[in-house]
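A.B. asks: The structure is given below, and queries will be raised subsequently.
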Amino acid sequence: MVQKNPLKIIEIPVVLNAKTVIEVIGKFNTFLESPDTRVAINFSKMEKAEPGGLTTLLCYLRDLPRIKNNFRGLIIHSNDKDAEEQIARMGFYNMLGVSDDFEWNKEEIELYKELYCFNKTTPDEEVISVNEKIIYSFAKTSNNDNYKKAISWCILELVDNAKIHSHSDECVLFAQKRERGNYTEFCIADRGLGIQKTMGDNDIVSALQRCISPEKGVHSKGMGNGLYFTSELIKRDKSAANSSLTIWSGNAMLTVTSGNEPVTTKTDSYWQGTVVTLTLSNNIQSSIEIIKGSEVELTEELPNFYC
């Protein structure tokens, strides 16, 4: 009898977000160190997936065959019909080469844009077009100028930062508007150099702190502006609904919440590269223009932006 390869089962939590995905990645990292070559990703208990969790997981899974010899995997779908539909609508299965039965016209969905992968060879025009569609979808119904300008600048800047500085074979981004919570969440993940190597620091904690400091840790002109100004936007926000920024790289995470100073903590698992998750209150009060000291240029895709 031929013995099958051992099977590792990795459980996905009830809520998959920027914080709970850390434990999931830790289990995958253990799988990498084991002789197991087969893995079952068990979504059966999952009831909700947020951009910070699903984007990070997709980025890892797309990289897994490269770093695990003879890798084979299967997916156990969620028992929650709404959660299962949500994952499919986000394009998660399609991005893994797994077919799904989702038949809706995804282009008609306004609350989020599908998961999107790009790399350093992807034409700038394509990446910019995706960014503009996200911005337009989320900003067109808002009456808050601070929110419109913040989302217009932050998304373009964070994506550009990852494309230029991550040195990653691939980046994954996703954005979703949460009507119930009155906020937008955006996440971009890469499997590149990571913050510590990019900054050239001796440890990850100091590297994370320096990448959002006024000096911006620049080794080249302009490097670090995106993370610095975004963190200042969140730190100065006094809106009732909290905005936040998290940066996970290596074995540490930096968190900035509305109206508070940044906090850096060590994580129980390691991330090769960088994950940035931005949660932006639709009622944000701080102004990116005041923080930057210059006007924010809006894209041509938004001709009636202030109407």
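A.B. asks: Being under 19 Å from MET199 (Cα atoms) and assigned to a helix (DSSP H, G or I) is the requirement here; does GLU157 meet it? Lay out the reasoning, then the answer.
C.D. replies: Values: under 19 Å from MET199 (Cα atoms): yes; assigned to a helix (DSSP H, G or I): yes.
Judged against the criteria, GLU157 is a match.
A.B. asks: In addition: On the basis of being in the same structural domain as GLY293 (by TED's automatic domain parsing), buried (at least 22 other Cβ atoms within 10 Å of the Cβ) and more than 14 Å from SER281 (Cα to Cα), does ILE151 make the cut?
C.D. replies: No, not satisfied.
A.B. asks: Filter region 65-86 down to the residues that are aliphatic (A, V, I, L, M) and exposed (fewer than 15 other Cβ atoms within 10 Å of the Cβ) and list them by number.
C.D. replies: ILE67, LEU74
A.B. asks: While we're looking at this one, here's another question. Looking at LEU16, LEU57, LEU61 in this structure, which one is closer than 16 Å to ASP80 by Cβ and surrounded by 16 or more Cβ atoms within 10 Å (Cβ to Cβ)?
C.D. replies: After applying the criteria, what remains is LEU16.
The values are calculated or read from the model by the stated rules, or taken from the named source; none is laboratory data. Please read these numbers as outputs of a predicted model, since none were measured by experiment. FYI the Cβ positions are ideal-geometry reconstructions off the backbone, even for glycines, and counts take in every protein chain you see.
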